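Beneath this line is the structure, given in structure tokens, with notes to follow.
Bear in mind these aren't lab numbers, they're just calculated from the coordinates by the rules spelled out. Being a predicted model, the structure only gives us computed values, none of them experimental. Here the Cβ positions follow ideal geometry from the backbone for every residue, glycine too, while neighbour counts run over all protein chains shown.
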Amino acid sequence: MTQYTSEQLYSLALLGFFTFLFLYKFIVIVKRFQSKSLLQKNRTLKKLKRLSWEDFELLTMEFFTKQGWSVKGNEKKGADGGVDIWMQKKSWHKKNTTAIVQCKRYDDAIVTIKVIREMYGLMYEYDVDEVYVVTTSRFTKECYTFSKDKNIILIDGISLIKLII
């Protein structure tokens, strides 16, 4: 059996410690790279349109979280009654603001007035202050006309990319 001197044991312990530290830092860097946010990964309209509807909702949740909202996704999968995201923004100097969001990940289809009217009705049904409709596509002119002077905010694909960047 080989006898190691105290200097050799100390060197081996030091080598083991630095090896462990290196591996730990390496894993942290790899995880950070892998968990890059959806907002950072998808900064073009083309990339947004390639997302699944679930990932588009997650991206939208991340976007509103960065805007200071507390967000909660809809637990229901499938028919959700028009609400994909529930939001609240707390304020110490005025009433808390509540909002609902409908996400529409479309390739080429245009969001119609039917969606906006439905969300307007849900705004009163759920007694929220604002409604957001977010799409990767565009809205019809009637959507903009209807939402004028109402607490309905329309965010089309081009606007969303500008807001993300």
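Annotations
- The DSSP beta bridges internal to the range 41-164 are antiparallel in roughly 45% of cases.
- Rg to Rh, two decimals, where the range 83-147 supplies the alpha carbon set and Rh follows Kirkwood: 1.03
- Lysine pairs with alpha-carbon atoms under 28 Å apart, the range 81-165, spacing 8 or more or separate chains: 26
- Calculated from the structure at hand, Rg and Dmax of the Cα atoms in Å is found among (1) 15.9, 52; (2) 14.5, 43; (3) 24.2, 88 as (3).
- If R0 is 30 Å, the Cβ-Cβ spacing of VAL28 and SER70 corresponds to a FRET efficiency of close to 0.60.
- Cβ-derived FRET efficiency at R0 25 Å, LYS41 paired with PHE20, nearest 0.05: 0.20
- Ordered by the number of other Cβ atoms lying within 10 Å of each residue's own Cβ, fewest first, THR98, THR2, THR135 fall into the sequence THR2, THR98, THR135.
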